[in-house]
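The values are calculated or read from the model by the stated rules, or taken from the named source; none is laboratory data. Note that the structure is a prediction, hence the values are computed from the model and not measured. Cβ placement follows ideal geometry from the backbone for every residue including glycine, while neighbour counts extend to all protein chains displayed.
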Amino acid sequence: MDKVIRYLVSGLAVLIVGLICYVYQTGYRIEDENAQDHSQMRNVLTNSNLAGEQIRRGEYLTRVGNCAACHTARGAALYAGGKLIPSPFGNFISPNITPDMQTGIGRWTADDFWRALHFGKARDGSLLYPAFPYPNYTLVSRTDSDAMFAYLRSIPAVNQVSLPHQLAFPYNQRPLLAIWRTLYFKPHSFAVVAGQSSTWNRGAYLVNGLGHCSACHSSRNMLGANAGTQDLDGGEMPSIAWYAPSLLRLNEAHLANQTDLEVAQLFRRAIAEKGVMSGPMAEVFADSLQHLKTDDIDAMTLYLKSLAPKPDSVPAYKTEYSPQVFSTVMTQGEVLYKKHCADCHGHAGEGIAGIYPALKENHSVLMPNVANPIRIILTGGFPPVSKENPRPYGMPPFAPVLDDNEVALVLTYIRHRWGNQASAVTAAEVNRYRNAPVN
Ligand code: HEC
Ligand code: HEC
Ligand code: HEC
(Lines give C-alpha, C1' and ligand atoms only; values in the text may rest on other atoms or scores of the structure.)
(Ligands and ions follow the chains in the order given, each with its own letter.)
Protein backbone atom coordinates (compact mmCIF):
# COMPACT_ATOMS: atom_id res chain seq x y z
CA MET A 1 0.00 0.00 0.00
CA ASP A 2 2.80 2.33 1.02
CA LYS A 3 4.45 1.69 -2.33
CA VAL A 4 1.27 2.54 -4.25
CA ILE A 5 0.93 5.83 -2.39
CA ARG A 6 4.58 6.64 -3.03
CA TYR A 7 4.11 5.98 -6.75
CA LEU A 8 0.98 8.11 -6.83
CA VAL A 9 2.66 10.96 -5.00
CA SER A 10 5.76 10.90 -7.19
CA GLY A 11 3.57 10.57 -10.30
CA LEU A 12 1.59 13.60 -9.18
CA ALA A 13 4.79 15.53 -8.49
CA VAL A 14 6.10 14.81 -12.01
CA LEU A 15 2.74 15.88 -13.44
CA ILE A 16 2.75 19.14 -11.52
CA VAL A 17 6.36 19.92 -12.41
CA GLY A 18 5.54 19.07 -16.02
CA LEU A 19 2.54 21.35 -16.02
CA ILE A 20 4.47 24.25 -14.52
CA CYS A 21 7.21 23.75 -17.08
CA TYR A 22 4.67 23.58 -19.87
CA VAL A 23 3.00 26.83 -18.89
CA TYR A 24 6.39 28.42 -18.47
CA GLN A 25 7.57 27.16 -21.84
CA THR A 26 4.51 28.19 -23.78
CA GLY A 27 4.85 31.61 -22.17
CA TYR A 28 7.54 32.33 -24.71
CA ARG A 29 4.79 32.82 -27.22
CA ILE A 30 4.26 36.29 -25.86
CA GLU A 31 7.81 37.12 -26.90
CA ASP A 32 7.08 35.55 -30.28
CA GLU A 33 4.35 38.09 -30.93
CA ASN A 34 6.84 40.89 -30.34
CA ALA A 35 9.25 39.33 -32.77
CA GLN A 36 6.55 39.45 -35.45
CA ASP A 37 6.29 43.24 -35.54
CA HIS A 38 9.98 43.57 -36.21
CA SER A 39 10.06 40.97 -38.90
CA GLN A 40 7.27 42.45 -40.95
CA MET A 41 9.29 45.59 -41.39
CA ARG A 42 12.45 43.71 -42.08
CA ASN A 43 10.78 41.38 -44.50
CA VAL A 44 9.72 43.96 -47.02
CA LEU A 45 12.04 43.19 -49.85
CA THR A 46 10.76 45.18 -52.79
CA ASN A 47 13.73 44.79 -55.00
CA SER A 48 14.07 41.40 -56.69
CA ASN A 49 17.85 41.74 -56.80
CA LEU A 50 17.79 42.04 -53.09
CA ALA A 51 15.59 38.97 -52.86
CA GLY A 52 18.00 37.03 -55.10
CA GLU A 53 20.88 38.09 -52.92
CA GLN A 54 18.99 37.04 -49.81
CA ILE A 55 18.32 33.60 -51.29
CA ARG A 56 21.98 33.13 -52.17
CA ARG A 57 23.00 34.14 -48.68
CA GLY A 58 20.39 31.79 -47.28
CA GLU A 59 21.76 28.92 -49.32
CA TYR A 60 25.24 29.63 -48.00
CA LEU A 61 23.95 29.77 -44.43
CA THR A 62 22.17 26.42 -44.74
CA ARG A 63 25.59 25.06 -45.76
CA VAL A 64 27.16 26.54 -42.65
CA GLY A 65 24.35 25.07 -40.55
CA ASN A 66 24.63 21.77 -42.45
CA CYS A 67 20.83 21.44 -42.52
CA ALA A 68 21.12 18.90 -45.34
CA ALA A 69 23.12 16.52 -43.12
CA CYS A 70 19.88 15.66 -41.34
CA HIS A 71 17.12 16.82 -43.68
CA THR A 72 18.33 15.13 -46.87
CA ALA A 73 18.32 11.33 -46.92
CA ARG A 74 21.07 9.65 -48.94
CA GLY A 75 20.27 9.78 -52.65
CA ALA A 76 16.85 11.37 -52.01
CA ALA A 77 15.39 14.80 -52.76
CA LEU A 78 17.06 17.82 -51.19
CA TYR A 79 15.54 18.75 -47.82
CA ALA A 80 12.63 16.31 -48.16
CA GLY A 81 13.58 14.68 -44.82
CA GLY A 82 13.12 11.00 -44.09
CA LYS A 83 16.66 10.53 -42.82
CA LEU A 84 17.07 8.30 -39.79
CA ILE A 85 18.99 9.90 -36.93
CA PRO A 86 19.87 7.30 -34.28
CA SER A 87 20.04 8.34 -30.61
CA PRO A 88 20.05 6.60 -27.23
CA PHE A 89 16.32 7.41 -27.01
CA GLY A 90 15.40 5.78 -30.31
CA ASN A 91 15.47 6.93 -33.93
CA PHE A 92 14.50 10.41 -35.01
CA ILE A 93 13.29 10.79 -38.56
CA SER A 94 13.92 14.21 -40.00
CA PRO A 95 10.88 16.10 -41.33
CA ASN A 96 10.35 17.50 -44.82
CA ILE A 97 11.41 21.17 -44.92
CA THR A 98 10.79 21.80 -48.63
CA PRO A 99 8.07 24.38 -49.44
CA ASP A 100 5.41 21.73 -50.10
CA MET A 101 2.00 22.95 -48.89
CA GLN A 102 0.76 19.64 -47.51
CA THR A 103 3.84 17.87 -46.25
CA GLY A 104 6.58 20.50 -45.98
CA ILE A 105 6.86 24.01 -44.62
CA GLY A 106 4.92 25.63 -47.51
CA ARG A 107 2.43 27.24 -45.15
CA TRP A 108 5.08 28.55 -42.78
CA THR A 109 5.89 32.24 -42.47
CA ALA A 110 9.31 33.69 -41.74
CA ASP A 111 8.08 34.09 -38.16
CA ASP A 112 7.18 30.42 -37.88
CA PHE A 113 10.62 29.53 -39.17
CA TRP A 114 12.34 31.86 -36.72
CA ARG A 115 10.27 30.36 -33.92
CA ALA A 116 11.61 26.90 -34.84
CA LEU A 117 15.23 28.02 -35.01
CA HIS A 118 15.27 30.42 -32.08
CA PHE A 119 12.63 29.01 -29.70
CA GLY A 120 12.64 25.34 -30.77
CA LYS A 121 8.92 25.32 -31.48
CA ALA A 122 6.95 23.97 -34.41
CA ARG A 123 4.39 26.02 -36.33
CA ASP A 124 1.56 24.77 -34.10
CA GLY A 125 3.51 25.77 -31.00
CA SER A 126 4.44 22.23 -29.99
CA LEU A 127 7.92 21.77 -28.58
CA LEU A 128 10.65 20.39 -30.82
CA TYR A 129 13.17 17.73 -29.88
CA PRO A 130 16.71 19.03 -29.43
CA ALA A 131 17.88 16.35 -31.89
CA PHE A 132 17.23 19.37 -34.10
CA PRO A 133 20.17 21.42 -32.76
CA TYR A 134 18.15 24.52 -31.90
CA PRO A 135 20.01 24.83 -28.60
CA ASN A 136 22.81 26.08 -30.93
CA TYR A 137 20.66 27.64 -33.67
CA THR A 138 18.99 29.84 -31.05
CA LEU A 139 22.05 32.10 -31.51
CA VAL A 140 21.31 32.64 -35.23
CA SER A 141 20.28 36.22 -36.00
CA ARG A 142 16.84 37.05 -37.32
CA THR A 143 18.39 38.32 -40.57
CA ASP A 144 20.19 35.02 -41.13
CA SER A 145 17.06 33.06 -40.24
CA ASP A 146 15.04 35.06 -42.79
CA ALA A 147 17.68 34.43 -45.46
CA MET A 148 17.61 30.68 -44.86
CA PHE A 149 13.83 30.74 -44.97
CA ALA A 150 13.90 32.65 -48.28
CA TYR A 151 16.27 30.03 -49.70
CA LEU A 152 14.17 27.10 -48.47
CA ARG A 153 11.11 28.73 -50.09
CA SER A 154 12.97 28.82 -53.40
CA ILE A 155 13.83 25.11 -53.69
CA PRO A 156 11.54 22.55 -55.37
CA ALA A 157 8.60 21.47 -53.21
CA VAL A 158 8.58 17.74 -52.59
CA ASN A 159 5.42 15.98 -51.55
CA GLN A 160 6.62 13.51 -48.95
CA VAL A 161 4.91 12.94 -45.65
CA SER A 162 7.20 13.29 -42.63
CA LEU A 163 7.31 10.03 -40.72
CA PRO A 164 6.82 9.79 -36.95
CA HIS A 165 9.95 9.31 -34.84
CA GLN A 166 10.63 5.84 -33.43
CA LEU A 167 11.31 6.73 -29.80
CA ALA A 168 11.02 4.62 -26.69
CA PHE A 169 8.61 5.53 -23.88
CA PRO A 170 8.70 8.06 -22.18
CA TYR A 171 10.80 9.96 -24.74
CA ASN A 172 7.98 9.71 -27.27
CA GLN A 173 5.85 11.97 -25.05
CA ARG A 174 6.48 15.33 -26.68
CA PRO A 175 4.93 17.47 -23.90
CA LEU A 176 7.60 16.13 -21.51
CA LEU A 177 10.08 18.22 -23.48
CA ALA A 178 8.79 21.08 -21.38
CA ILE A 179 10.73 19.65 -18.45
CA TRP A 180 13.86 19.16 -20.52
CA ARG A 181 13.70 22.71 -21.78
CA THR A 182 13.20 24.16 -18.34
CA LEU A 183 16.31 22.35 -17.18
CA TYR A 184 18.55 22.82 -20.18
CA PHE A 185 17.35 25.37 -22.72
CA LYS A 186 16.67 29.06 -22.76
CA PRO A 187 16.34 30.89 -26.07
CA HIS A 188 19.03 33.52 -26.28
CA SER A 189 20.79 35.67 -28.83
CA PHE A 190 24.45 35.89 -29.67
CA ALA A 191 26.14 38.42 -27.40
CA VAL A 192 29.05 40.24 -28.98
CA VAL A 193 32.07 40.08 -26.69
CA ALA A 194 33.45 43.58 -26.29
CA GLY A 195 37.22 43.77 -26.50
CA GLN A 196 37.36 40.98 -29.08
CA SER A 197 37.68 41.73 -32.79
CA SER A 198 34.74 41.47 -35.16
CA THR A 199 36.50 38.48 -36.77
CA TRP A 200 36.70 36.71 -33.40
CA ASN A 201 33.03 37.43 -32.75
CA ARG A 202 32.09 36.16 -36.19
CA GLY A 203 34.01 32.98 -35.40
CA ALA A 204 32.23 32.53 -32.08
CA TYR A 205 28.86 33.14 -33.74
CA LEU A 206 29.57 30.49 -36.39
CA VAL A 207 31.15 27.85 -34.14
CA ASN A 208 28.60 28.06 -31.33
CA GLY A 209 25.54 28.92 -33.39
CA LEU A 210 24.98 27.74 -36.95
CA GLY A 211 28.07 25.50 -37.05
CA HIS A 212 26.74 23.68 -33.96
CA CYS A 213 30.16 22.14 -33.26
CA SER A 214 29.14 21.45 -29.64
CA ALA A 215 26.33 19.18 -30.84
CA CYS A 216 29.01 16.51 -31.38
CA HIS A 217 32.12 17.81 -29.61
CA SER A 218 30.68 17.49 -26.09
CA SER A 219 29.57 14.73 -23.77
CA ARG A 220 25.92 14.44 -22.85
CA ASN A 221 24.09 13.42 -19.69
CA MET A 222 21.38 10.79 -19.39
CA LEU A 223 18.82 13.18 -20.83
CA GLY A 224 20.99 14.05 -23.79
CA ALA A 225 22.00 17.51 -22.57
CA ASN A 226 25.49 18.99 -22.74
CA ALA A 227 26.84 22.05 -20.93
CA GLY A 228 25.77 24.53 -23.61
CA THR A 229 26.91 25.96 -26.92
CA GLN A 230 30.47 26.52 -25.71
CA ASP A 231 30.91 22.99 -24.38
CA LEU A 232 33.54 21.79 -26.85
CA ASP A 233 35.29 19.42 -24.48
CA GLY A 234 34.77 16.31 -26.58
CA GLY A 235 32.62 13.24 -26.18
CA GLU A 236 31.89 9.87 -27.64
CA MET A 237 28.87 9.99 -29.95
CA PRO A 238 26.67 7.44 -28.21
CA SER A 239 24.87 5.71 -31.07
CA ILE A 240 27.67 5.53 -33.58
CA ALA A 241 30.73 5.10 -31.34
CA TRP A 242 32.96 7.76 -32.86
CA TYR A 243 34.79 10.05 -30.47
CA ALA A 244 34.52 13.77 -31.26
CA PRO A 245 37.74 15.05 -29.68
CA SER A 246 37.96 17.97 -27.30
CA LEU A 247 38.57 21.27 -29.07
CA LEU A 248 39.75 22.60 -25.70
CA ARG A 249 42.60 20.23 -24.88
CA LEU A 250 46.02 20.51 -26.46
CA ASN A 251 46.57 16.74 -26.52
CA GLU A 252 43.33 16.32 -28.46
CA ALA A 253 42.09 18.70 -31.17
CA HIS A 254 42.70 22.18 -29.73
CA LEU A 255 43.71 24.15 -32.81
CA ALA A 256 46.22 26.23 -30.85
CA ASN A 257 48.42 23.18 -31.02
CA GLN A 258 48.52 23.21 -34.80
CA THR A 259 50.39 25.46 -37.18
CA ASP A 260 48.42 27.76 -39.48
CA LEU A 261 49.46 25.58 -42.39
CA GLU A 262 48.10 22.43 -40.72
CA VAL A 263 44.82 24.10 -39.88
CA ALA A 264 44.50 25.47 -43.41
CA GLN A 265 45.16 22.01 -44.90
CA LEU A 266 42.67 20.41 -42.55
CA PHE A 267 39.87 22.86 -43.30
CA ARG A 268 40.56 23.07 -47.05
CA ARG A 269 41.45 19.47 -47.94
CA ALA A 270 40.32 17.57 -44.82
CA ILE A 271 43.78 16.01 -44.78
CA ALA A 272 46.82 17.60 -43.23
CA GLU A 273 50.25 16.16 -42.67
CA LYS A 274 49.33 14.71 -39.27
CA GLY A 275 45.59 14.38 -39.30
CA VAL A 276 42.57 13.72 -41.41
CA MET A 277 38.89 14.39 -40.94
CA SER A 278 37.17 11.03 -40.88
CA GLY A 279 33.84 9.42 -40.05
CA PRO A 280 31.17 11.95 -39.07
CA MET A 281 33.70 14.81 -39.34
CA ALA A 282 34.40 13.86 -42.95
CA GLU A 283 30.69 14.40 -43.61
CA VAL A 284 30.74 17.77 -41.85
CA PHE A 285 33.64 18.71 -44.09
CA ALA A 286 32.07 17.39 -47.29
CA ASP A 287 28.63 18.94 -46.80
CA SER A 288 29.53 22.07 -44.91
CA LEU A 289 33.08 23.21 -44.13
CA GLN A 290 34.55 22.89 -47.62
CA HIS A 291 31.91 25.31 -48.93
CA LEU A 292 32.70 28.02 -46.42
CA LYS A 293 34.30 31.30 -47.43
CA THR A 294 37.92 31.67 -46.43
CA ASP A 295 36.98 34.61 -44.20
CA ASP A 296 34.55 32.48 -42.25
CA ILE A 297 37.02 29.60 -41.87
CA ASP A 298 39.64 32.09 -40.69
CA ALA A 299 37.18 33.57 -38.19
CA MET A 300 36.30 30.14 -36.79
CA THR A 301 39.96 29.22 -36.55
CA LEU A 302 40.82 32.46 -34.76
CA TYR A 303 38.05 31.85 -32.25
CA LEU A 304 38.93 28.18 -31.68
CA LYS A 305 42.63 28.95 -31.28
CA SER A 306 41.83 31.57 -28.66
CA LEU A 307 39.92 29.23 -26.33
CA ALA A 308 41.56 28.74 -22.94
CA PRO A 309 43.10 25.26 -22.97
CA LYS A 310 41.99 22.72 -20.40
CA PRO A 311 44.54 20.33 -18.85
CA ASP A 312 45.51 17.37 -21.04
CA SER A 313 43.05 14.50 -20.93
CA VAL A 314 44.23 11.18 -19.47
CA PRO A 315 43.20 7.63 -20.38
CA ALA A 316 40.25 6.16 -18.50
CA TYR A 317 42.51 3.28 -17.56
CA LYS A 318 46.07 2.42 -18.43
CA THR A 319 47.17 -1.02 -19.52
CA GLU A 320 50.22 -1.99 -17.50
CA TYR A 321 52.62 -4.51 -18.98
CA SER A 322 55.89 -5.64 -17.43
CA PRO A 323 58.85 -4.34 -19.48
CA GLN A 324 59.43 -7.86 -20.81
CA VAL A 325 55.88 -8.42 -21.97
CA PHE A 326 55.81 -4.93 -23.42
CA SER A 327 58.89 -5.56 -25.53
CA THR A 328 57.22 -8.70 -26.96
CA VAL A 329 54.09 -6.68 -27.68
CA MET A 330 56.16 -4.08 -29.53
CA THR A 331 58.01 -6.73 -31.54
CA GLN A 332 54.75 -8.38 -32.60
CA GLY A 333 53.25 -4.96 -33.36
CA GLU A 334 56.21 -4.05 -35.51
CA VAL A 335 55.91 -7.21 -37.60
CA LEU A 336 52.25 -6.41 -38.28
CA TYR A 337 53.01 -2.76 -39.01
CA LYS A 338 55.74 -3.58 -41.53
CA LYS A 339 53.54 -6.13 -43.26
CA HIS A 340 50.28 -4.17 -43.45
CA CYS A 341 50.86 -0.46 -42.88
CA ALA A 342 54.37 0.74 -43.65
CA ASP A 343 53.87 0.88 -47.43
CA CYS A 344 51.53 3.83 -46.96
CA HIS A 345 52.31 5.32 -43.57
CA GLY A 346 56.10 4.92 -43.90
CA HIS A 347 58.67 2.96 -41.94
CA ALA A 348 59.07 5.82 -39.49
CA GLY A 349 55.36 6.67 -39.40
CA GLU A 350 56.07 9.73 -41.53
CA GLY A 351 53.26 9.22 -44.08
CA ILE A 352 53.17 11.08 -47.39
CA ALA A 353 52.06 14.68 -47.04
CA GLY A 354 48.55 15.26 -48.35
CA ILE A 355 48.05 11.59 -49.28
CA TYR A 356 48.71 9.32 -46.30
CA PRO A 357 48.63 10.90 -42.85
CA ALA A 358 51.73 10.63 -40.69
CA LEU A 359 51.11 8.48 -37.61
CA LYS A 360 54.05 10.01 -35.78
CA GLU A 361 52.79 12.89 -33.57
CA ASN A 362 49.27 12.30 -34.88
CA HIS A 363 46.62 13.44 -32.36
CA SER A 364 44.03 10.87 -33.42
CA VAL A 365 46.56 8.11 -32.84
CA LEU A 366 47.74 9.50 -29.51
CA MET A 367 44.47 10.56 -27.87
CA PRO A 368 43.55 8.80 -24.62
CA ASN A 369 40.27 7.79 -26.24
CA VAL A 370 41.10 5.11 -28.79
CA ALA A 371 37.73 4.77 -30.52
CA ASN A 372 38.71 6.55 -33.74
CA PRO A 373 42.01 4.86 -34.61
CA ILE A 374 40.42 1.47 -33.82
CA ARG A 375 37.47 2.26 -36.07
CA ILE A 376 39.68 3.49 -38.88
CA ILE A 377 41.93 0.42 -38.75
CA LEU A 378 38.87 -1.87 -38.76
CA THR A 379 36.88 -0.13 -41.48
CA GLY A 380 39.49 1.79 -43.48
CA GLY A 381 38.16 4.70 -45.45
CA PHE A 382 38.76 7.61 -47.76
CA PRO A 383 39.25 11.25 -46.86
CA PRO A 384 36.27 13.20 -48.25
CA VAL A 385 36.33 14.27 -51.88
CA SER A 386 36.75 18.02 -52.27
CA LYS A 387 37.70 20.55 -54.89
CA GLU A 388 41.25 20.56 -53.59
CA ASN A 389 41.44 16.78 -53.22
CA PRO A 390 39.23 15.38 -55.98
CA ARG A 391 40.66 11.86 -55.95
CA PRO A 392 41.71 11.01 -52.41
CA TYR A 393 43.74 7.88 -51.73
CA GLY A 394 42.09 5.41 -49.35
CA MET A 395 42.94 2.88 -46.69
CA PRO A 396 41.67 -0.73 -46.91
CA PRO A 397 39.58 -2.19 -44.06
CA PHE A 398 41.56 -4.47 -41.77
CA ALA A 399 38.59 -6.04 -39.97
CA PRO A 400 38.71 -9.08 -42.29
CA VAL A 401 42.51 -9.40 -41.98
CA LEU A 402 43.43 -8.69 -38.36
CA ASP A 403 41.78 -10.10 -35.22
CA ASP A 404 41.13 -7.97 -32.13
CA ASN A 405 44.46 -8.86 -30.58
CA GLU A 406 46.40 -8.00 -33.75
CA VAL A 407 44.66 -4.64 -34.06
CA ALA A 408 45.53 -3.99 -30.41
CA LEU A 409 49.17 -4.94 -31.05
CA VAL A 410 49.63 -2.75 -34.12
CA LEU A 411 47.83 0.19 -32.50
CA THR A 412 49.89 -0.15 -29.33
CA TYR A 413 52.96 -0.19 -31.56
CA ILE A 414 52.11 3.02 -33.44
CA ARG A 415 51.18 4.70 -30.14
CA HIS A 416 54.64 3.89 -28.83
CA ARG A 417 57.16 4.35 -31.65
CA TRP A 418 58.89 7.34 -33.26
CA GLY A 419 58.61 9.41 -30.08
CA ASN A 420 54.88 8.67 -29.69
CA GLN A 421 53.97 7.92 -26.09
CA ALA A 422 50.47 6.79 -25.32
CA SER A 423 48.96 3.94 -23.33
CA ALA A 424 48.76 0.40 -24.67
CA VAL A 425 45.50 -0.85 -26.18
CA THR A 426 43.88 -4.21 -25.37
CA ALA A 427 41.94 -6.67 -27.52
CA ALA A 428 38.87 -6.01 -25.35
CA GLU A 429 38.95 -2.32 -26.27
CA VAL A 430 39.19 -3.21 -29.95
CA ASN A 431 36.31 -5.65 -29.62
CA ARG A 432 33.96 -2.88 -28.39
CA TYR A 433 34.15 -1.33 -31.84
CA ARG A 434 34.30 -4.41 -34.03
CA ASN A 435 30.58 -4.44 -34.68
CA ALA A 436 29.88 -0.73 -34.35
CA PRO A 437 27.77 0.82 -37.14
CA VAL A 438 29.85 2.13 -40.03
CA ASN A 439 28.50 5.67 -39.80
C1 HEC B 1 21.42 16.94 -36.31
C2 HEC B 1 20.26 16.87 -37.18
C3 HEC B 1 19.61 18.14 -37.65
C4 HEC B 1 20.20 19.25 -38.21
C5 HEC B 1 21.68 19.50 -38.43
C6 HEC B 1 19.13 20.14 -38.56
N7 HEC B 1 17.93 19.60 -38.24
FE8 HEC B 1 16.10 20.46 -38.52
N9 HEC B 1 15.25 18.94 -37.48
C10 HEC B 1 15.87 17.78 -37.09
C11 HEC B 1 14.92 16.90 -36.45
C12 HEC B 1 15.20 15.53 -35.89
C13 HEC B 1 13.69 17.59 -36.45
C14 HEC B 1 12.38 17.11 -35.85
C15 HEC B 1 12.24 17.64 -34.44
C16 HEC B 1 10.94 17.26 -33.80
O17 HEC B 1 10.18 16.46 -34.35
O18 HEC B 1 10.68 17.76 -32.70
C19 HEC B 1 13.94 18.87 -37.11
C20 HEC B 1 12.97 19.85 -37.28
C21 HEC B 1 13.17 21.00 -38.03
C22 HEC B 1 12.13 21.97 -38.31
C23 HEC B 1 10.66 21.87 -37.86
C24 HEC B 1 9.87 21.19 -38.93
C25 HEC B 1 8.47 20.87 -38.57
O26 HEC B 1 7.77 20.35 -39.44
O27 HEC B 1 8.06 21.12 -37.43
C28 HEC B 1 12.68 22.95 -39.09
C29 HEC B 1 12.01 24.17 -39.66
C30 HEC B 1 14.07 22.60 -39.27
N31 HEC B 1 14.33 21.42 -38.61
C32 HEC B 1 14.97 23.35 -39.99
C33 HEC B 1 16.35 23.12 -39.98
C34 HEC B 1 17.32 24.03 -40.51
C35 HEC B 1 17.00 25.33 -41.22
C36 HEC B 1 18.54 23.49 -40.27
C37 HEC B 1 19.91 24.08 -40.58
C38 HEC B 1 20.16 25.41 -40.11
C39 HEC B 1 18.32 22.22 -39.59
N40 HEC B 1 16.98 22.03 -39.44
C41 HEC B 1 19.33 21.37 -39.17
C42 HEC B 1 17.21 17.48 -37.24
C43 HEC B 1 18.17 18.38 -37.69
C1 HEC C 1 46.83 1.78 -48.91
C2 HEC C 1 47.39 2.71 -47.98
C3 HEC C 1 47.17 2.48 -46.49
C4 HEC C 1 47.46 1.35 -45.74
C5 HEC C 1 48.00 0.02 -46.23
C6 HEC C 1 47.14 1.69 -44.39
N7 HEC C 1 46.67 2.96 -44.32
FE8 HEC C 1 46.11 3.92 -42.64
N9 HEC C 1 45.44 5.48 -43.75
C10 HEC C 1 45.52 5.58 -45.12
C11 HEC C 1 44.72 6.70 -45.56
C12 HEC C 1 44.48 7.16 -46.98
C13 HEC C 1 44.15 7.26 -44.39
C14 HEC C 1 43.10 8.38 -44.32
C15 HEC C 1 41.77 7.60 -44.26
C16 HEC C 1 40.52 8.40 -44.07
O17 HEC C 1 40.56 9.60 -44.16
O18 HEC C 1 39.45 7.78 -43.84
C19 HEC C 1 44.64 6.46 -43.28
C20 HEC C 1 44.33 6.73 -41.95
C21 HEC C 1 44.84 6.03 -40.88
C22 HEC C 1 44.65 6.40 -39.49
C23 HEC C 1 43.89 7.63 -38.99
C24 HEC C 1 44.82 8.82 -38.94
C25 HEC C 1 44.15 10.12 -38.57
O26 HEC C 1 44.82 11.14 -38.66
O27 HEC C 1 42.96 10.14 -38.22
C28 HEC C 1 45.27 5.45 -38.73
C29 HEC C 1 45.33 5.41 -37.23
C30 HEC C 1 45.83 4.49 -39.65
N31 HEC C 1 45.55 4.88 -40.94
C32 HEC C 1 46.54 3.37 -39.27
C33 HEC C 1 46.90 2.36 -40.15
C34 HEC C 1 47.39 1.09 -39.72
C35 HEC C 1 47.66 0.68 -38.30
C36 HEC C 1 47.58 0.36 -40.85
C37 HEC C 1 48.03 -1.06 -40.96
C38 HEC C 1 47.28 -2.03 -40.21
C39 HEC C 1 47.22 1.20 -41.99
N40 HEC C 1 46.80 2.40 -41.51
C41 HEC C 1 47.31 0.83 -43.31
C42 HEC C 1 46.22 4.73 -45.93
C43 HEC C 1 46.66 3.47 -45.59
C1 HEC D 1 28.26 15.35 -36.61
C2 HEC D 1 29.21 15.48 -35.54
C3 HEC D 1 30.25 16.57 -35.63
C4 HEC D 1 30.06 17.92 -35.83
C5 HEC D 1 28.74 18.66 -36.06
C6 HEC D 1 31.36 18.52 -35.79
N7 HEC D 1 32.32 17.56 -35.58
FE8 HEC D 1 34.36 17.86 -35.57
N9 HEC D 1 34.66 15.88 -35.32
C10 HEC D 1 33.68 14.93 -35.15
C11 HEC D 1 34.30 13.63 -34.97
C12 HEC D 1 33.58 12.31 -34.73
C13 HEC D 1 35.70 13.82 -35.05
C14 HEC D 1 36.78 12.75 -34.92
C15 HEC D 1 37.15 12.17 -36.26
C16 HEC D 1 38.28 12.93 -36.91
O17 HEC D 1 39.38 12.99 -36.34
O18 HEC D 1 38.06 13.52 -37.97
C19 HEC D 1 35.89 15.26 -35.26
C20 HEC D 1 37.13 15.86 -35.42
C21 HEC D 1 37.34 17.22 -35.50
C22 HEC D 1 38.64 17.85 -35.55
C23 HEC D 1 39.97 17.13 -35.54
C24 HEC D 1 40.36 16.68 -36.91
C25 HEC D 1 41.69 15.98 -36.94
O26 HEC D 1 41.70 14.76 -37.08
O27 HEC D 1 42.71 16.63 -36.75
C28 HEC D 1 38.42 19.20 -35.61
C29 HEC D 1 39.47 20.29 -35.67
C30 HEC D 1 36.99 19.40 -35.61
N31 HEC D 1 36.36 18.19 -35.55
C32 HEC D 1 36.39 20.65 -35.64
C33 HEC D 1 35.00 20.83 -35.72
C34 HEC D 1 34.38 22.13 -35.84
C35 HEC D 1 35.11 23.46 -35.86
C36 HEC D 1 33.03 21.92 -35.93
C37 HEC D 1 31.92 22.93 -36.11
C38 HEC D 1 32.01 23.73 -37.30
C39 HEC D 1 32.82 20.48 -35.87
N40 HEC D 1 34.03 19.86 -35.74
C41 HEC D 1 31.59 19.88 -35.95
C42 HEC D 1 32.31 15.14 -35.18
C43 HEC D 1 31.68 16.36 -35.46
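The figures follow:
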read-out: Residue satisfying condition, being among the small types (Gly, Ala, Ser), modelled with pLDDT of 95 or more, surrounded by 22 or more Cβ atoms within 10 Å (Cβ to Cβ) and within 19 Å of ASN369 (Cβ to Cβ), within set ALA270, ALA299, ALA204, ALA253; value: ALA253
read-out: Unique match (being in contact with a Ser or Thr (Cβ under 9 Å, 6 or more places away or on another chain), more than 16 Å from ligand 1 (Cβ to nearest atom), assigned to a loop (DSSP other than H, G, I, E, B) and touching a residue at least 40 places away in the same chain (Cβ under 8 Å)) among ASN369, ASN420; value: ASN369
read-out: Of all residues in the range 256-267 being out of contact with any strand residue (DSSP E or B) (no Cβ under 7 Å at 6 or more places or on another chain) and within 15 Å of ligand 2 (Cβ to nearest atom), the one that is modelled with the lowest pLDDT; value: ASN257
read-out: Complete set of residues in the range 374-396 that are within 10 Å of ligand 2 (Cβ to nearest atom) and part of a loop (DSSP other than H, G, I, E, B); value: GLY380, PHE382, PRO383, PRO384, PRO392, TYR393, GLY394, PRO396
read-out: Residue match in the range 94-117 (condition: within 16 Å of ligand 3 (Cβ to nearest atom) and buried (at least 21 other Cβ atoms within 10 Å of the Cβ)); value: yes
read-out: From the options GLY234, GLY275, residue that is farther than 22 Å from TYR356 by Cβ and touching an Asp or Glu at 6+ places or on another chain (Cβ under 9 Å); value: GLY234
read-out: Residues being closer than 20 Å to LEU289 by Cβ, of a type in the set (A, V, I, L, M, F, W, C) and either surrounded by fewer than 22 Cβ atoms within 10 Å (Cβ to Cβ) or in contact with a strand residue (DSSP E or B) (Cβ under 7 Å, 6 or more places away or on another chain) (or both) - total across the range 216-238; value: 2
read-out: MET222, sole failed condition from (1) over 17 Å from the mean Cα position of the chain (by Cα); (2) within 9 Å of ligand 3 (Cβ to nearest atom); (3) part of a loop (DSSP other than H, G, I, E, B); value: (2)
read-out: Every residue from the range 382-425 that is β-branched (Val, Ile, Thr) and buried (at least 16 other Cβ atoms within 10 Å of the Cβ); value: VAL407, VAL410, THR412, ILE414, VAL425
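Residue-wise test of (1) within 16 Å of ligand 1 (Cβ to nearest atom); (2) hydroxyl-bearing (Ser, Thr, Tyr); (3) over 30 Å from LEU289 (Cα atoms).
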| residue | (1), (2), (3) |
| --- | --- |
| TYR317 | no, yes, yes |
| VAL325 | no, no, yes |
| GLN332 | no, no, yes |
| LEU336 | no, no, yes |
| LEU359 | no, no, no |
| ILE374 | no, no, no |
| GLU388 | no, no, no |
| ARG391 | no, no, no |
